[in-house]
Amino acid sequence: MNWSALPVRTRVIGLLVLLTSVALILSGATAYVLQRGSMIRQIDDSLTRSVQEFRILAQEGIDPASGEPFSASDQLVFTAMQRTMPAEHEGMLGFRDGEISWTASTAVELRLERDPEIVQWASSRLHNESVAIETITTAQTTYRAVTVPIQFDNDSAPSLMLLAYDFSAEAQELDTVFVTYGLVGFGVLVLVGVAGWVLVGRLLHPLRTLQSTAAEISGTDLRRRVPVSGQDDVAELAMTFNEMLDRLQEAFSSQRQLLDDVGHELRTPITIVQGHLELQDAADPADVREVQEIAMDELDRMRLLVDDLVTLAKSGRPDFVATEPVDVGSLTRDVLSKASPLGARIWTLDHAADVTVPLDAQRITQAWLQLASNAVKYSQEGAKVSIGSQALSGTLRLWVRDQGIGIRPEDRERIFARFGRGANSTRAEGSGLGLNIVTAIVGAHGGTVDVQSAPGIGSTFYLDLPLDPQNPAEPVGSTLSTTTHSKDGAA
């Protein structure tokens, strides 16, 4: 089975159950080993205490019942067995000369005398002077046992006391406890699996909704959005996905609008050229020249439109502007010099900012000259056109002021749109992308474009750029005019 091909929910639950199983097994195994070791130590401690009590009684040599010295080792074994209270699963025997002489009381459950192998083992230890706790395995069970041999000088035969624990019975109780632990652990695994399946399913529900939403989205329909609930990481992912869809929808809408606009703009010159070519009189040289001039003029307009569209397409790229430190004062005077040939106007320099700012001088010049070209188009010959720059509280302001026809209030928003034209413009005056390109250039610098205009008096366009590229510019108020209008966007 390919693990990576399984659903995320299944993999998460599988890993959760696996980790829980490993944790339960490790903790259970560790606890079992520790408990088993503790059980062995408790058994050995109990046997050791019994041996020590037996030795103390032998050293005293006085029978507590009669107050007389022990006359035989067999009598000492009997007394020691009477004074010993065996624990559960513990038994004892007394031996004399290799034969059982004493057995434990009937209250003791572990009857060692019924196991011939442990009896034979104890008898073989009768003459062994060492006392050590040993593990003995017989056909019936496994013992943890100790033998204590003893013989007085006047004894005719040695005696021995056997103390033994049924180790298998003790271990079985411990095993029973851990079998219960295993059953409880299995129940915990089932509970973890069921609860995890439900909880992970709820956590992944937004992802499934996101997947289904993404599957329903097509290139022509981006209106679906993922429902957002909560404030966790999954909710944040859903919000980010919705924001991405917003951007995609805006981009696709802009793309469709661009195609519609371009188709509309290109249809007119194509129709004009086609109509004149169809109607021209090939035998009339004058008519041919006239049609040729018209066709060339329309083709030039189409070339200008394509160039402007290419510029707008590049404006979305990271490398659209390449900034470097620019002397704004020198740039202002250069732009004024380049603008002068655009038309027979009175060209003046209002102010040149004495600052150095990171700019793309070529792009800013392009935008600035576009505004100057607009000023020429919408002003009379001999009118005054002023260019200037000034640093204002963290913002570099560039402007072009004219004494032209001004802009009507209702045209303010329209002229900044793609192919937007004011009512006082004509199609022959440009592609309709001029101010749109200016806005794209200034926006790529983190700046804004603004305009103030009064019909019949003139217009002033402002380019507000940040002195610090890390801090985008905000529109700066101006007192040059009390009426705010717009300039036509034709190029």
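Every number in this text was worked out from the coordinates using simple rules, so none of it is lab data. These numbers come from a predicted model, not from an experiment. Positions of Cβ are backbone-derived with ideal geometry, glycine not excepted, and every protein chain shown enters the neighbour counts.
Structure values in brief
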{"read-out": "Taking N as its residue count, the alpha carbon Rg of region 3-173 over 2.2 N^0.38 Å", "value": "1.51"}
{"read-out": "Rounded, prolate or oblate (a/c below 1.5 giving rounded, otherwise prolate when a/b exceeds b/c) for region 103-237 by Cα gyration tensor", "value": "prolate"}
{"read-out": "For Ser105, Ser21, Ser130, order by how many other beta-carbon atoms lie within 10 Å, fewest first", "value": "Ser130, Ser105, Ser21"}
{"read-out": "³J(HN,Hα), Karplus 6.51/-1.76/1.60, whole Hz, each residue of region 3-13, x for Gly, Pro", "value": "4, 5, 8, 6, x, 4, 4, 5, 5, 5, 5"}
{"read-out": "Using distinct alpha-carbon pairs, which all enter the 1/r mean, Kirkwood radius of the chain in Å", "value": "33.2"}
{"read-out": "Filtered GluC sites (Glu not before Pro), region 108-148: DSSP coil and at most 16 other beta carbons within 10 Å", "value": "Glu109, Glu129"}
{"read-out": "Residue-count net charge about Leu331 - beta-carbon cut-off 13 Å; Lys, Arg +1, Asp, Glu -1", "value": "-2"}
{"read-out": "Sorted largest first, extent of region 187-306 alpha carbons per principal axis (Å)", "value": "102, 21, 16"}
{"read-out": "Charge tally in the Cβ shell below 14 Å around Ala282, where Lys, Arg are +1 and Asp, Glu are -1, Ala282 excluded", "value": "-4"}
{"read-out": "Within the chain, longest stretch free of exposed trypsin sites (Lys or Arg not before Pro) [DSSP loop, at most 12 other beta carbons within 10 Å]", "value": "224-491"}
{"read-out": "Karplus (6.51, -1.76, 1.60) ³J(HN,Hα), θ = phi - 60°, over region 104-109, in Hz, Gly and Pro reported as x", "value": "6, 4, 5, 6, 7, 6"}
{"read-out": "Tally of Lys pairs whose C-alpha atoms are under 19 Å apart, taken over the chain, 8 or more apart or cross-chain", "value": "4"}
